Amino acid sequence: MEKLRGIFPVLQTPLDTEGNLDEASLRREVAFAIDAGAHGLVYPVLGSEFQFLSDRERQHLVELVVKEAAGQVPVVVGVAGPSEAIAVEHARHAAQVGADALIALPPYLGGAPPEKIIAYYRAIATVADLPILVQHSFPGMDASFLARLLREIENVRYIKEELPPSAHHISQVLQTVGKECWGVFGGALGRWMISEMRRGACGFMPATEVVDAYVQIWDAFQAGDEALARQRFNMLLPLINFELALGMSVCKQVLVRRGIFQTALMRDPGAPTLDEEDQYELTILLESIQPLLRV
């Protein structure tokens, strides 16, 4: 397959008015992202609330996303687990149903030591002959250890860098890892998007709600027009900051306003609810980026 590159939005998990999984809205979200110019899709990861889904739900929705994408763009399936056994189960399933690549946090409970982390990714690679992205976030791994993962495990090909300051880490990783790395993606809703592109990021994995805006920023920068990319990014940045402050509830609310989701309900029981002033602020922010929204 061609190397992954560009804007790969993380799909959110929609719920209906009763709090049940909303498959029709998820299908609309896939179609919306592709129509908006996404270069690929990612599901389910932290932005999808994967940790609040049962294993059966995760696998069922992965099947839905892969089927709905129908080969139009690559689908990167999240297979992270708190243990090697759980991650392996999800990796095997993802490969069987047609995933194009896998992404996984290290074991996210208990603080696994380095050798356990290596064994975890090696086990994933063993059951799924697909490119693997290491999602690098808190508490963090240094660049030399990430390089070791890339060198020692053949299918580990990419890093998704989210440990702040992520732009600095992208530079460190790219200077350290060498040709074994096929690319480093940025995360954190693209907050450092321009700096990370200048430092060599191969793409970004933001949320889905304004994927068309991210695509326009990416396209301008890749065409060599950094000034236009910065202009567009500066229009989007207030919304990014608003989402970072209030969480994925904002992203779902935007998807409701854009006719993709029925509700902005979250599976996360601790997610904040937008109040009247938040809704007003969101209206203003969306009006300010209207020129970047294509669909």
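Checking ALA123, ALA69 one by one, the residue that is under 26 Å from LEU21 (Cα atoms), small (Gly, Ala, Ser) and modelled with pLDDT of 95 or more is ALA69 and no other.
Checked against the criteria, ALA80 does not count as under 23 Å from ARG28 (Cα atoms) and in contact with a strand residue (DSSP E or B) (Cβ under 9 Å, 6 or more places away or on another chain).
Within region 109-136, restricting attention to residues that are surrounded by fewer than 18 Cβ atoms within 10 Å (Cβ to Cβ) and part of a loop (DSSP other than H, G, I, E, B), which residue is farthest from the chain's Cα centre (by Cα)? So, considering only residues that are surrounded by fewer than 18 Cβ atoms within 10 Å (Cβ to Cβ) and part of a loop (DSSP other than H, G, I, E, B), the one farthest from the chain's Cα centre (by Cα) is PRO113. In region 269-290, the count of residues that are in a helix (DSSP H, G or I), within 22 Å of LEU46 (Cβ to Cβ), of a type in the set (S, T, N, Q) and in contact (Cβ under 8 Å) with a residue 12 or more places away in the chain is zero.
Of the set (1) buried (at least 16 other Cβ atoms within 10 Å of the Cβ); (2) at pLDDT 95 or above, all apply to GLU57 but (1). Number of residues in region 243-257 that are farther than 16 Å from TYR214 by Cα and crowded, with 16+ Cβ neighbours inside 10 Å equals 8.
Within region 15-35, not a single residue is aromatic (Phe, Trp, Tyr) and closer than 20 Å to PRO269 by Cα. Of the helices (runs of 4 or more DSSP H) lying entirely inside region 153-237, not one contains at least 1 residues that are modelled with pLDDT of 95 or more, of a type in the set (Val, Ile, Thr) and touching an Asp or Glu at 6+ places or on another chain (Cβ under 6 Å). Counting just the residues of region 1-52 that are over 15 Å from the mean Cα position of the chain (by Cα) and of a type in the set (Ser, Thr, Tyr), which one comes out surrounded by the fewest Cβ atoms within 10 Å (Cβ to Cβ)? Of everything passing the filter in region 1-52, THR17 is surrounded by the fewest Cβ atoms within 10 Å (Cβ to Cβ).
The values are calculated or read from the model by the stated rules, or taken from the named source; none is laboratory data. Everything numeric here is computed off the predicted structure, so don't read it as measured data. Counting neighbours? That spans all protein chains shown, and the Cβs are built from the backbone with ideal geometry, glycine included.
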